[in-house]
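A.B. asks: Below are the structure tokens for one structure; questions will follow.
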Amino acid sequence: MNCSALGRIVLIASLGWSLVRSTPAQTSSSPPTEPTPIATLDKAGAGVVVLPKSVPDPIEPINRAVFALNKGIMAEMVKPTAKVYRLIVIKPVRTGIGNFGKNITYPGRLINNLLQGKWAGARDETYRFCCNTTVGVAGFFDVSSTWKIPKSDADFGQTFGQWGWKPKCYLMLPIYGPSNERDTLGLAADTAANPLTYIAPYPAATPGSLTYVSPYTYISYGILYDNLSDSVNDYVRAAQSEMDAYSELQYAWTFVRENRVADFQVKGKPDPASLETLQSVFFTFQDPEFPGRGKTRSVLIPVTGRKLKFTFWLQPEKAPVVYIIPGLGSHRLAEPALALAELVYKKGFSAVCVSSTFNFEFMEHASSADVPAYMPVDVHDLHVALTEIAHRLEKLYPQRLGPKALMGYSMGGFESLFLAATESTNREPLIEFDRYVAINSPVRLLYGISKLDEYFEAPLAWPAGERADNIENTFLKVAALSKNSLTPQTSLPFSGVESKFLIGLTFRLILRDAIFSSQQRNNRGVLEHRIDKWRRAPLYQEILRYSYQDYLEKFLIPYYWGYGIDLTPAAMDRAGNLRTYAAGLRARHDVRLIVNQNDFLLPDKDLEWLRDTFSPQQLTVFEQGGHLGNLSHPAVQKAILEALDGLRSPLKSNP
């Protein structure tokens, strides 16, 4: 029901890793001594799934305050200045500065390799330093990597860990980001091992000197800024698109920074459908500057009295407009939504992105119901929001908006089809679309959520004694993959249990955010822990025990009972089943569908129903791809663009 399963995990993990690379001498973390389980899932007679432990966070409110400060600095200071910096300092020069900064800290790596007994690592780092300093012109060119000389990163935090110091307190440092008490001291020691701390153009005792240490120390901060200039956009976008980026980063950091090496041996039979689904991580925007070229505005939603944000990319001349609805719980700035926007924009269409009705942004600003997931209400709220957005754009840019298309993927695709089938029944003057495009839409929502719950419980297939280690090793694989550049040719090293679990976990985190957001808005008294936005860990542990089925039974159905609406399981199934709206869908010749035959959310009988309901000109079926795992494939992207044919030929394609 969402485009990217591995994508969310890899994005947050890679952000943690980018902070490690951008920060001078940040360190790796070994397993804490007093871990707390993030969540458990109890199934009578079926065993228990226990997620690996995160670093203990006893001062969570303080850490969250520092994280909020870091977000502000990144968004308001680093991001705008980095945009100018990137225009002035071209990419090869920025890369050279980063290489120089890495090379100059060689003494610290040498010392720590020796202290840890890594003799081969000390040798390799010495080779790298000599090659890069001489042939690489003071380290500005990383020739040693070209020559395949291995890296052996080592720092004092890592050394302290090998000596037995177990971290007991997660820390969020200003600017430097995630750490702990051990690695914070290691950071100070690494700074002391940096030659720039001591090299000075004048004696330290010179009267009037700016500092008692080398003024060249400030070069380290310049190198830090140089590194951040290329990653700050991703950082800010992730912070905006995640309801609680702090929690995601804190948990991912545990595995990105752990000393243990992942075992990449695939133990168990792979599952092609779920493994292909994980490949949705490869579908992203190609131009790193594309998200920044979009404009974000807001519209007042009458039913809530609050303003909902939307992001758009408008063609310079009149052109068709594609409104993009993302998958379950996704934000308008999620990578798949941005990738679709870039895809259509390059072909001459204007693009508009809004958040999912199950996303915190839409829930808190545009939803008439406190608890989402009842389609008749959610889709109507979406339709109202799209109408307000269209009216706002028409006022801002008269004569620039052509025919309108509604394009949704996964859950967004289901909502697009629902809207197409019920549009004629609206009593209000809401926007009408000229084309509806649904990409990998499920047919039955209850079947879909049952699969998501099933996938989260996939580790129960492992022996109980091996389960915890296997789950942790799966996360270590993800952390290791996040440190490298993944391509569609990358073979993802996961068994069927692992790939299913990663998908299930991703959606369980989406459910966690939705429950927190809904109960923060209107606490129904279901949760035992107090809702505290500054200390969320205990509440999150409780929420993660709820499955999607639990959500329907304990949150959604009682909520509507309170308004006199009897949502029986049969009523829920009818409301979330496209078969209910078959007559309306058959009457719409402006609907286009793109599905995959091995989509785990689309059983054979649902695929047959689609074939019986829609003509071959309306329905495109690919044999493989899982659930939107083939969006990066040229053939699928061509099909998406062909689904927009006939609106009106765009004036021209943008390079």
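The values are calculated or read from the model by the stated rules, or taken from the named source; none is laboratory data. Note that the coordinates shown come from a computational prediction; the quantities given were computed from them, not determined experimentally. Glycine gets a Cβ as well: all are built from the backbone with ideal geometry, and neighbour counts include every protein chain shown. Quick note on the areas: whole protein, heavy atoms, side chains included, nothing else; ligands and nucleic acids left out. Shrake-Rupley method; radii C 1.70, N 1.55, O 1.52, S 1.80 Å.
A.B. asks: Return the lysines within reach of K166: Cα separation strictly under 21 angstrom, same-chain partners fewer than 8 residues apart disregarded; answer none if there are no such residues.
C.D. replies: Correct list for K166: K53, K118.
A.B. asks: What angle do you read, to the nearest 10 degrees and between 0 and 90, between the alpha-carbon axis of helix 60-73 and the longest principal axis of the chain?
C.D. replies: 90 degrees
A.B. asks: Tabulate in residue order the Karplus-calculated ³J(HN,Hα) for the range 505-521, using 6.51 cos²θ - 1.76 cosθ + 1.60 with θ = phi - 60°, rounded to whole Hz; enter x for Gly and Pro.
C.D. replies: 3J(HN,Hα) across the range 505-521, in whole Hz: 5, 4, 6, 5, 5, 4, 5, 4, 5, 5, 5, 4, 5, 5, 6, 5, 6.
A.B. asks: Ranked highest first by the average count of other Cβ atoms within 10 Å around their residues, in what order do 69-77, 323-331 fall? Walk me through the numbers before you get to the answer.
C.D. replies: Details: 69-77: 14.9, 323-331: 28.6.
Highest to lowest by the protection proxy: 323-331, 69-77.
A.B. asks: Here's another thing I want to ask about it. Note down the accessible area of E457, probe 1.4 Å, to the nearest 10 Å².
C.D. replies: It works out to around 40 Å².
A.B. asks: Please list Y221, Y563, Y409 in order of solvent-accessible area, largest first, computed with a 1.4 Å probe with all protein chains present. Could you put the intermediate results ahead of the total?
C.D. replies: Numbers: Y221 120, Y563 145, Y409 0 Å².
Reading off the accessible areas and sorting them downward yields Y563, Y221, Y409.
A.B. asks: I want to check the label-to-label distance for K166 and Q624. Put each point 7 Å from Cα in the C-beta direction and report it in nm to one decimal.
C.D. replies: Result for the modelled spin labels: 4.5 nm.
A.B. asks: While we're here: Could you report the accessible area of H633 in Å², rounded to 10, computed with a 1.4 Å probe on the protein chains as they sit in the structure?
C.D. replies: Ignoring ligands and nucleic acids, H633 comes out at about 80 Å².
A.B. asks: Calculate, in nm to one decimal, what A192 and L641 gain on full extension: separation in residues at 0.36 nm each, minus their alpha carbon distance.
C.D. replies: Values: separation 449, 0.36 × 449 = 161.64 nm, distance 5.60 nm.
That pair, A192 and L641, stretches by 156.0 nm at full extension.
A.B. asks: Taking θ = phi - 60°, what integer Hz values does the Karplus form 6.51 cos²θ - 1.76 cosθ + 1.60 yield along the range 330-336, in sequence order, with x for Gly and Pro?
C.D. replies: Taking θ as phi minus 60°, the curve returns 7, 8, 4, 9, 5, 4, x Hz for the range 330-336.
A.B. asks: In terms of solvent-accessible area of protein heavy atoms at a 1.4 angstrom probe, what is the ranking of I531, I90, highest value first?
C.D. replies: Greatest to least solvent exposure: I90, I531.
A.B. asks: For an R0 of 45 angstrom, estimate the FRET efficiency from the Cβ-Cβ distance between Y127 and V89 and round to the nearest 0.05. Walk me through the intermediate numbers first.
C.D. replies: Details: r = 29 Å, r/R0 = 0.65.
So, using R0 = 45 Å, E works out to roughly 0.95.
A.B. asks: Sticking with this structure for a sec: What order do R512, R611 take when sorted by accessible area (1.4 Å probe), most exposed first? Write down the numbers at each step before the final one.
C.D. replies: Values: R512 10, R611 100 Å².
Largest accessible area first, the residues go R611, R512.
A.B. asks: Provide the per-residue ³J(HN,Hα) series for the range 229-241, in order, calculated from phi with Karplus coefficients 6.51, -1.76, 1.60 and θ = phi - 60°, each as a whole number of Hz, with x at glycine and proline positions.
C.D. replies: With coefficients 6.51, -1.76 and 1.60, one gets 4, 8, 10, 5, 4, 5, 4, 5, 5, 5, 5, 7, 8 Hz.
A.B. asks: Excluding ligands, DNA and RNA, what is the solvent-accessible area per residue of the chain at a probe of 1.4 Å, expressed in Å²? Show your work: numbers first, answer last.
C.D. replies: Details: 26860 Å² over 655 residues.
Solvent-accessible surface per residue comes out at 41 Å².
A.B. asks: Pairs of Cα atoms under 8 Å, at least six residues apart: use those to get the relative contact order of the chain, whole percent. Provide the component values of the computation, followed by the final result.
C.D. replies: Details: 1159 pairs, mean separation 125.3, N = 655.
Here the relative contact order equals 19 percent.
A.B. asks: At a 1.4 Å probe radius, carbon and sulfur cover how many percent of the accessible area of the chain? Numbers along the way, then the final one.
C.D. replies: Details: 15390 of 26860 Å².
Percent of accessible area from carbon and sulfur atoms in the chain: 57.
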